[in-house]
Structures are given as structure tokens and as C-alpha cells.
1. Among (1) part of a loop (DSSP other than H, G, I, E, B); (2) of a type outside the set (A, V, I, L, M, F, W, C); (3) buried (at least 20 other Cβ atoms within 10 Å of the Cβ); (4) away from ligand 2 (no atom under 16 Å from the Cβ), where does Gly442 come up short?
2. Go through the stretch 445-465 and report how many residues are surrounded by 15 or more Cβ atoms within 10 Å (Cβ to Cβ), within 15 Å of ligand 1 (Cβ to nearest atom) and either aliphatic (A, V, I, L, M) or at pLDDT below 95 (or both).
3. From the list Ala506, Ala486, Ala491, exactly one residue is open to solvent by 10 Å² or more (accessible area, probe 1.4 Å), in contact (Cβ under 8 Å) with a residue 40 or more places away in the chain and assigned to a helix (DSSP H, G or I). Which is it?
4. Can you tell which of Ala375, Ala380, Ala415 is under 25 Å from Val521 (Cβ atoms) and open to solvent by less than 10 Å² (accessible area, probe 1.4 Å)?
5. When only residues in the stretch 446-481 that are among the polar types (S, T, N, Q) and not in a helix (DSSP H, G or I) count, which is nearest to ligand 2 (Cβ to nearest atom)?
6. Would you be able to tell me the number of residues in the stretch 383-412 that are within 25 Å of the chain's Cα centre (by Cα) and open to solvent by less than 10 Å² (accessible area, probe 1.4 Å)?
7. Applying the selection to the stretch 293-326, what residues are touching a residue at least 40 places away in the same chain (Cβ under 8 Å) and part of a loop (DSSP other than H, G, I, E, B)?
8. How many residues, within the stretch 299-317, are within 16 Å of ligand 1 (Cβ to nearest atom) and open to solvent by 10 Å² or more (accessible area, probe 1.4 Å)?
Amino acid sequence: MTFTVHGLAVARGIAIGRAVLVASSRVDVAHYFIEHDQINTELLRLRDARDTVRQELQELHDNLAKDAPPELAAILEVHLMLLDDAMLAEGVKHWVSERLYNAEWALSSQLEVVARQFDEMDDAYLRERKGDLEQVVERMLRHLKGHPNAMAIPATRRTGNQQDLLLGDEVDAPLVLVAHDLSPADMLQFKQSVFVGFVTDVGGKTSHTAIVARSLDIPAVVGARTASQLVRQDDWVIIDGDAGVLIVNPSPIILDEYQFKQRQAEVERERLSRLRHTPSLTLDGQKVELLANIEMPDDAPAALHVGAVGVGLFRSEFLFMGREGQLPDEEEQFAAYRRAIEGMKGLPVTIRTVDVGADKPLDRSLKEEASLNPALGLRAIRWSLADPTMFLNQLRAILRAAAFGKVNLLIPMLAHGREIRQTLALLDQARQQLDARGVAYGEVKVGAMIEVPAAALSVRMFLRHFDYLSIGTNDLIQYTLAIDRADEQVAHLYDPLHPAVLRLVADTITAGREVGKPVSVCGEMAGDPSMTRLLLGLGLRSFSMHPTQILAVKQEVIRADANRLAPWAQQVLDADDPAEFLLG
Ligand code: PEP
Ligand code: MG
């Protein structure tokens, strides 16, 4: 039966494929397709893992101390029984032989299927056995990880034949990932993956998970609340990334309609790609700088490909995340920054110092340790200033990389004059340390993000200390309106067009112009083509966004007359309901 689930649209386009349900704790399980002649090898790996776990459990059982509580033996017996559960074994075999999933993926897929059945049981005792099953599977996954398939082929995205979609069991169907939650680092891991679309139950439009999904340039819906409970493993699904809707088990008519939309989107993309070499000038000849936001040095080619004139935001925290607390040292960071700089072939690169915390935990396992109000806690520059040794490592790495190209240093989430002074003093100290070591380093322009209302309201103080400013609208909206940007329950109140937000953005741009210092916007607002005219009218001439958005924004720029937009933008600014004014 067809049904739809509504969420928030975060990355445009239509994806059609089979659902792969992944538990948040198992996203780091390897997902790749095997070749037909590897089926037996994968089945053997599974059998070996199962045999080893059986032996382990049996030994634990046999060696239980005499005074051990009797429940312990009973639990181990249940685990041994679950290990040989026919449904688990048969299902796993199906995923490997029929779908050519690698062993780990097959095992975690079938776990989701069986776990769902446990959830639906009436008997509370049986329902609780789900936890036991998960433990048994985790043990097997650990063994599989220790014995990887030597012949494994890397994950590649296979495109399926859309004509055959309803025929059933073909192997090459595109796959759509459905999960309750994914951290930004998890999402990044899927960059080169087999998945053609993503759906998560939680998350807001500008949550960092959504931001990374957008950078992958594949359709995604977040905040779909119960999607991961309603969708079953292997269901056919359509993601409508424009409307923020997930359609499950579509009828042939619906499928036809969406295949048509998919082709239309392809044509539109093709049309936009012709703007790659068109200069970014308004109709009245004003130059508008279109820069790229990147998460990793390897994103540089995509930025160049769409004609970005530099990187306006390199979110360096992605180098720090998902490493089980082992932070990158100065050398590793230096190498990464240098790679990004060289990747941009002489164009400027803005490296933002680490911004972990809030919805960007260093590690999934550390999430629970965060403060009760992580967005208001030890985040971004506060985290850096709390650990000067770590911060100095990063500053030295950036300064050294600046010897290889034009670098702007950007500091996130500053609010206090005291923080500004501490930051600049540490930057001086980093230079002195490099001088003392006799290591070469380059000049950097130093900028501050304006993403806390306090910063926007004391913008002149910021302009006295910094060479340039970059407005982080994602956080500026979150902190001005007191809306958690990652919480789908309040997503309807997250409003870039709230008069207070527009006032802070406009005043920051004006203050920068008054003293002749550059101001850009690097939040998601900059990459939203429906905001381009307004931002141009407010005087913005530098936009930084995901490479995937650059051409759509350029299309708006070249159609706009910036001079004529200025008085109109002032009217929007003064309106009680700017959104309505824009529509009217
Ligand atoms: C912002 O807050 O707008 C921004 C660009 O930073 P981030 O999204 O990484 O918090
Ligand atoms: Mg921010």
C-alpha cells in the first residue's frame, strides 16, 4: 500500500530506490556490493564469524564462576539460540546471494528486519530480546571487521534501470538510506557511497547533518519523524527532496510521475551548467563574489568545477570528528589545509577554526556527555579557548599552510571582546612559536563570524579588530529566535525572514561597507536562490555556499539589477511580515 511521510526538504531532487534501514549505531558498517563470484566467500566469512561467536559464548557459559547469578547462564543460552535463529541466517543469505550486499551490510540489514518483528511482539519478555539479538549481531560484526574481505571492491554508486523498478528483485536498484538519526560525520562517510538519497527521522533544515546532505547533492529529507519505523527494509521509496516528502511503495502511476520530474530536474541541471563560465555580474554591472563552502580538502575540485572564485568557508571541524577522541595533530592538519589550498589552484581559501559542539559532536559516543544545552555550551571558539594547546596546533597548521596560497582565517561564534583579545593573542603566540622553530608561514587575513546576536549588535567593535566578517545565518537565526536548528519540532519557527534576523544581517552588511571591510554571508541563506535578490538589495556582494548551489544563485545574480533592488530591500526590512511582502 502506498503512503507518504512528511518531513523537511533539505536537498533538492527526486530519488527513487529501495530503502536500506540503518541504525544510527551501525552506520560505520561497511556498505558495498560484491561480485557474483564472491557470494560464497561472503557466506563463508559470515559462517566463520558465527562459529567464532558461538565458541566465545560457549566458553563464557562453560567458565561461569560457581557463584555467578543464574540469569547470566540463561542470557548466554538465549544468545546462543539467537545466533542460530533461522530467520536471521536465511535473511542474511538472501541479502548476500540475491542483492550482492557484503557480509556486514547483509547482517545489519537483516538485524533491522528481525528487530522490527521483536518490536511488534505483544509479549514484553520477547520484545526485550531485541537487545540480546543486537548484542549477538554486534559480536559478529566485530569479528567480520577483524577479517575483512581481501577482495572487497570499493563502494560505487550503481544506477538502476528505472524501467524495471517494479519488477522485483534486480540487484542493481538504486538504494535510499533511511535512519532515525545520522551525525554530520556519519553523513560525510556516505559521500562516496551507494546511496542515492537520505531520509532521517530527526533534524532541522540547517542542522549540520542536513548541510552535509546538501553538499552531497542528492535528494534528502530530514525531520521525517517516524519514517524509520514505518518504512521496511527493501521497500520501494521515492524521496521528493523539493517537497520534503517520502513516498513509500509508490503505485505505477505515481512512479511514472516522479520519473518524469526526475528527467525534468536533469534538464534544468544541464541548463544551469551552461552558466559555469558566465561572469557573476548583475545587470547594472556590479561584481558579486560566489564562493564555496567545503567540509574536506577533497571538495575543492567540485568547487572549481562550478566556477567558485574561492572557498568562503572550510569547516575544519570535519577533520576532528569521528576519530574517537584522537584529534589531528599539527602535521596532519597542515597537510589537509595545504591540500585544500593547492586544490583551489591559487584562489583564496577561508579556513574556519574548529567548530565542534552542539549538533556537531566530536564523536557519537561523546554526545551523551555534552551539556544539557549544547548549542549554548562549550562550542566553537569557546572550545578552542578552553584548550589552548589544541588551538595553537590548529593556528600553527593554518599559518604554515598559508605559505602555499592565499588564506583567510575565520573564527566562529565570538561574542565577547575578551574572546577576541584572547584569540588574537593566541594567534600572535602561534606565530612566535613558528619563528622560534624557524618554520616558514604565510600572511593571513583574520575574520570573525557574526553568528551570535551579541556580535551583530556590537559589529563595530568586531570591525575594529578584524579584516573582514562573515555572517553565519544558520546560527544567527538559531540564537536570535531561540530555535534549535537541529530540532524538527520547532522547525516551522526557524525563519530567515524574521524582521529581527533581517535587521541584524542588514546592519552588519552596512557597518562593513561604511568602513570598507568585506562582509560575506556563509550560512545556508547565501545558497538559497529565493534570498539572492534580497541579500543583493541589502548590499551583500560576497556569498559563500555549497558548490551545488552556486549556479542557481548565479542565475539570480545575472538577472538582478542591484541598484533598483536597494530601495525595495529597505521596504522588505521595514515590513511586519517580510515573507508576505516578498510574495506580494
Ligand atoms: C552558520 O552558522 O551559518 C555557519 C555557516 O556555520 P555552521 O553552519 O557550520 O554552524
Ligand atoms: Mg555557525
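The values are calculated or read from the model by the stated rules, or taken from the named source; none is laboratory data. A quick note: this is a predicted structure, and the numbers were derived from the prediction, not measured. We place every Cβ from the backbone using ideal geometry, glycine too, and count neighbours over all the protein chains shown. Each accessible area value is taken on the protein alone, full model and side chains, heavy atoms only, with ligands, DNA and RNA left out. Shrake-Rupley method; radii C 1.70, N 1.55, O 1.52, S 1.80 Å.
1. The number of the failed condition is (3).
2. 6
3. Ala491
4. Values: Ala375 fails: open to solvent by less than 10 Å² (accessible area, probe 1.4 Å); Ala415 fails: open to solvent by less than 10 Å² (accessible area, probe 1.4 Å).
On inspection, the qualifying residue turns out to be Ala380.
5. The extreme case among them is Ser470.
6. Adding up the residues that qualify gives 11.
7. Glu295, Met296, Val306, Gly307, Ala308, Gly310, Phe320, Met321, Gly322, Arg323, Glu324, Gly325, listed by residue number.
8. Looking only at the stretch 299-317, we keep the residues that are within 16 Å of ligand 1 (Cβ to nearest atom), and these are 299, 303, 308, 310-317.
If we keep only those that are open to solvent by 10 Å² or more (accessible area, probe 1.4 Å) as well, we get 299.
Residues that pass the stated criteria total 1.
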